[in-house]
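Some notes on the structure that comes next.
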Amino acid sequence: MSLLNQKIVNGSQTRSIAINFKALLIFSLCLFLFGKSNSVFSLEPSPPADTPSFVATNGPEKENQNKLLPIVWVNVAKGELQVLDGLAEGKRETLFTTKVSIGKNGIGKTKAGDKKTPVGIYRIKKFIPGKELPRRYGAGAFTLNYPNQYDKILDRTGDGIWIHGRPSEKAAAPYLDTKGCITMDNESLEVLANYIRLKETTVIISDNFDYTNYENEKEYLVQRIQQWSDAWVSLDHEAYMAFYHRSFFNGSRNYSDWDTYKGRINAFKSHISIQLSDFEILNYPEKDDLVWVSFQQKYASSNYNWMGRKITLWQKDSRHRWKIVFEGNQ
C-alpha cells in the first residue's frame, strides 16, 4: 500500500473513532438528562433505606412468614414474658415463658428518669451484643422504639428502654429492679432471640392482653380500613380526610398539616392503586377505644410506588366511628 493510501486509511479510521466518540458523548448526555427528569418527577420521598420490603421483593414465602410471626407479651402484672404464636382460629399458642424484672417504680413511664417501664405496643429495633455493652446487660440487649409515636402524642419522654440479660452471676433478680428496662437471665434471652425478627417483631407491654377483645369489631374495622383505601384510590380528598381523627398526629404533621400535604400530593396524581393484606389488629393497652392495626401495603400511583408494613392507630370519635389518629411505617 502506498504511503498516501495508508494516510487515507488512517484518516478514515481517525474520523470513524471521532464519530463514535461523539455518538458516545451524545448517548451519555441523553442518559444523564433522562435520569434527572425522572428524579425531578417523583413528588414524594423514597422510603428510608432500612424500610422493610415484603411480598414483591421477597415472594410468597416471606409473606407467609409474616403472617406466622409470633408476638412478645411482657405481662407486667406477673413479671413474666411470653412469646405467643400468630392468631389461629381465635387462639394464640404460648411458645415460651420466662420471668422478668421491670422498672423499680413499676409501670406507666411518662418521663425520663422516672424508673418506670412503659405500657404500650412497640417494635424491636436492633440487637446489641453483650461484648459491646457494660457487664450489667449480660449477653446483650434488644432495643425498643420507646417512645413510639403514640407516646410522643402524649408528650412522654425518655429513651433507652431495652429487653436485656443480666451479669452471669446474677441469674435471679427482684421483680422491681431496673431503671425501666425489662431484664431476664441470659439463657432465657438466648431462647427469646430465636423468636425475634428485628424491626418486625411486635412487643406488647401491659398488665393484661385480651387478644379476643374487639374480635366482634375486627370485621367492622377491616371494612373501615378498606373504605379508607377506596377513598384514597378515588382521589376524593374530602372523603379520604373524613377517615382521620381531628387529633391526628404522625410525629411531624397534625390533622391540618396532613390535610394540606395530602391534598397537594394527590393533586398531581392521575391514578392510585392500593393492595392491603396480612392484617394484625390489637387493642392498645389501657385504652378501651384505641386499636393498633398493622398491615401489608402495596401502593402504586402515576408518579410514586411504595411497598412495606404500615402501622395505624384507630380511635372512636364522639359518634363511635373508627378514625385514624396515627399513620406511619413504625
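Key figures for this structure:
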{"read-out": "I121 part of a strand (DSSP E or B), within 14 Å of F209 (Cβ to Cβ) and β-branched (V, I, T)", "value": "yes"}
{"read-out": "Residues of segment 316-330 satisfying the condition of being surrounded by fewer than 19 Cβ atoms within 10 Å (Cβ to Cβ) and part of a strand (DSSP E or B)", "value": "K316, G328"}
{"read-out": "Within segment 181-214, tally of residues that are outside any loop (DSSP other than H, G, I, E, B) and either of a type in the set (D, E, K, R) or buried (at least 17 other Cβ atoms within 10 Å of the Cβ) (or both)", "value": "13"}
{"read-out": "Test result for R166, in a helix (DSSP H, G or I), in contact (Cβ under 8 Å) with a residue 12 or more places away in the chain and basic (K, R)", "value": "no"}
{"read-out": "Segment 120-179, residues that are acidic (D, E) and over 18 Å from S294 (Cβ atoms)", "value": "E132, D155, D159, E169, D177"}
{"read-out": "Any hit, segment 217-226, residues being in contact with a His (Cβ under 9 Å, 6 or more places away or on another chain), modelled with pLDDT of 90 or more, in a helix (DSSP H, G or I) and surrounded by 15 or more Cβ atoms within 10 Å (Cβ to Cβ)", "value": "no"}
{"read-out": "Residue match in segment 58-65 (condition: at pLDDT below 95, within 17 Å of the chain's Cα centre (by Cα) and of a type outside the set (S, T, N, Q))", "value": "yes"}
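The values are calculated or read from the model by the stated rules, or taken from the named source; none is laboratory data. The model shown is predicted, which means the values in this text are computed figures rather than measured ones. Every residue, glycine as well, gets a Cβ built from its backbone with ideal geometry; the counts of neighbours run over all protein chains shown.
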